[in-house]
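Just so it is clear, none of the values below were taken in a lab; they were calculated from the coordinates. Because the structure is a prediction, the values reported are computed rather than measured. Glycine also receives a Cβ, built like all others from the backbone with ideal geometry; neighbour counts cover every protein chain displayed.
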Amino acid sequence: MSNFVWSTASLPGFKTDVQPPDNPSQQWAADDANRVFQALYDIRSAITGTSVNLLSFGAVGDGVTDDGPALQRALNFASASIGGVYGSFVQVPKGVFCISSVDIPNGVGIKGAGPSASVLRATGSFSGSSLVRNLLRNGTQEFAFIESIQIDGNSGNGAICGAVVEFTSLFVNSYIRDVLIVNGSNVGLYIGSSGSPGGSGPIYVENTWVVSNTGHNIMVEEVSGNLGAMMGICFTSVYSEHQGSNASALYLKGRGNASQWNFTNMHFEQGNPATGRTCITLDGVAFVKIDGVQVLATSGTVSEVVKITSAIQNVGFQIGPIYNSNLVSPVIRDQKNGVTIAAPTYNIRSYVTPDFGIMGGQRFTPSTGSGSKSIVAQDSNGVDRAWFDEFGALSGTSALGGASLDISGDRPLVLLTRDRSRAFGWTFPDASNFRLRYFSGGADLLNFDNSGNGFVYQPMTFQFGVKGQASRSAAPSAGTHAVGEIVFNQDPVSSGFIGWVCVTGGLPGTWKAWGAIGA
């Protein structure tokens with residue numbers, strides 16, 4: 001009698017006495033029975049539009065009995081239309097409910113008493129494409145929900161699941177929330193888009209753990225032949241741990257209709273060594289935003305944190321920040337754009353692919369400390385090379401290195417050929433000179449001192465310079481000079497000139513008078 005409310009069988013009809021009772025005061029009359037039946041009709045009418053309790057459909061929840069048929073009956077009953085609307089929740093109470101594959105119909109959800117209390121577990125003999133999935137997987141289903149429950153693929157006892165949980169080509173506010181998905185023989189959580197009209201979204205996954213599946217823990221995929229857009233895939237506060245070898249904690253696969261996916265506050269942890277594992281793989285998807293990644297793994301358990309394949313659809317990625325406390329290396333391997341970011345970088349604030357444009361009035365504010373920086377450009381080894389300081393000045397260190405260039409105050413402007421075969425630049429070799437240098441050949445070409453005097457180094461015939469002197473009869477002495485350097489000195493009193501030629505280089509050099517011109 002306990003299941004009469006949810007039973008599809010009709011209640012007994014109203015009765016009349018065949019003959020008057022012998023003792024009407026002690027026996028029920030037809031009128032009494034009719035009042036009871038009317039109360040039962042009222043109860044059924046009042047509560048069939050609310051959530052459905054799984055136990056009312058014959059489930060046991062003892063961890064042994066196959067409760068899959070009872071769960072499917074409950075799901076089908078919950079999907080019935082009442083008063084022109086459809087859908088409801090199947091309530092799964094405390095217990096371990098062994099199931100075979102079940103399909104969630106239009107508008108129906110499965111809700112447990114919490115991931116530690118309510119468990120749906122694959123029977124040990126189960127073998128199928130997925131354990132829990134939506135019913136219509138071609139783009140014609142709206143609404144499906146899974147909430148506050150644990151779903152166990154039971155691979156340790158022989159169950160075989162292509163995916164423990166599958167949502168494919170599903171639309172309109174479908175979600176998975178407060179769920180633990182574990183122990184699948186392949187994929188843990190699969191969200192796909194397939195068929196005609198195909199497409200998918202929005203689908204929201206929140207506060208969910210996907211753990212210890214032998215394939216990808218989470219796979220979001222646009223299947224070949226999908227005809228609809230796959231958009232609005234949103235994850236927040238999702239944890240993915242301990243997937244199998246050559247698999248990803250989060251694998252994103254697209255073929256041209258997959259775009260605008262968002263992942264916020266993702267946590268990836270790998271404790272056991274395995275080969276070829278990545279935390280995130282992006283393979284043929286467009287305009288994906290990953291905002292906040294924590295990695296608790298080592299290079300012995302994960303090959304790379306983020307892998308971007310060479311698929312042509314991989315465009316418009318925004319990734320970061322990434323907290324990589326144990327220095328998994330590389331942090332990002334972008335095969336599409338030829339970029340690899342390796343440890344010792346433990347915290348990537350932001351990485352965007354080159355095709356992603358940033359427009360508008362962006363501000364990069366340095367810190368208030370002395371020598372603070374903003375818009376810092378680094379080399380491939382993570383060394384700061386150029387930045388704006390707190391005064392708004394462009395500063396930096398040499399990209400070429402070497403003691404002659406990398407000294408205090410020496411900030412060269414370098415012109416470098418694309419193949420790096422030749423490099424020229426202005427340097428400050430000491431406190432009194434500004435010099436044009438041919439870096440590749442190690443030769444100085446032109447020099448100016450603080451007084452504005454200049455000369456050319458090693459021309460084809462001679463050097464040339466102008467040096468002001470107190471007397472035109474005094475040989476040039478300031479600075480270092482080269483053999484062949486010619487200087488004209490002007491006497492500030494007589495305004496006459498005399499030429500000098502350097503015959504022995506050095507400081508100050510040996511000079512010989514060349515001739516006099518003027519008064």
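Structural remarks
- Neighbour-count order for 481, 267, 242, fewest beta carbons within 10 angstrom listed first: 267, 242, 481
- Between residue 108 and 88, 145, the built amide H atoms are under 5 Å apart, and every one of these is 5 or more places off in sequence or on another chain.
- The rule of thumb for compact globular proteins, 2.2 N^0.38 Å, goes into the C-alpha radius of gyration of the range 182-266 1.07 times.
- For the range 242-295, the fraction of alpha-carbon pairs in successive 10 Å shells from zero, as %: 23, 48, 27, 2
- Exposure proxy ranking, count of Cβ atoms within 10 Å, fewest first, for 129, 259: 129, 259
- Separation between Cα centres of the range 222-270 and the range 312-363, rounded to whole Å: 17
- Taking amide H positions as modeled 1.01 Å from N, with prolines and chain starts lacking one, the residues under 5 Å from residue 425 and 5 or more places away or on another chain are 415, 437, 439.
- Footprinting exposure proxy ranking of 304, 142, fewest other C-beta atoms within 10 angstrom first, gives 142, 304.
- The H on the amide N of residue 390, modeled in the peptide plane, is under 5 Å from the matching H of 371, 372, each at least 5 residues off or on a different chain.
- The range 269-276 - phi-based ³J(HN,Hα) in whole Hz, Karplus 6.51/-1.76/1.60, Gly and Pro as x: 9, 9, x, 10, x, 7, 9, x
- Residue-wise HN-Hα coupling along the range 130-145, computed from phi with Karplus coefficients 6.51, -1.76, 1.60 (Hz; x: Gly, Pro): 7, 8, 10, 8, 7, 6, 9, 10, 10, x, 10, 9, 10, 6, 7, 9
- For the peptides 356-363, 428-435, 86-93, the ranking by packing is 86-93, 428-435, 356-363, with the highest mean count of neighbouring Cβ atoms within 10 Å listed first.
- Cβ-based net charge around residue 121, under 12 Å, with every Lys or Arg adding one and every Asp or Glu removing one: -4
- Using the Cβ of residue 148 as centre and a radius below 10 Å, the other residues enclosed give a net charge of 0, where K and R count +1 and D and E count -1.
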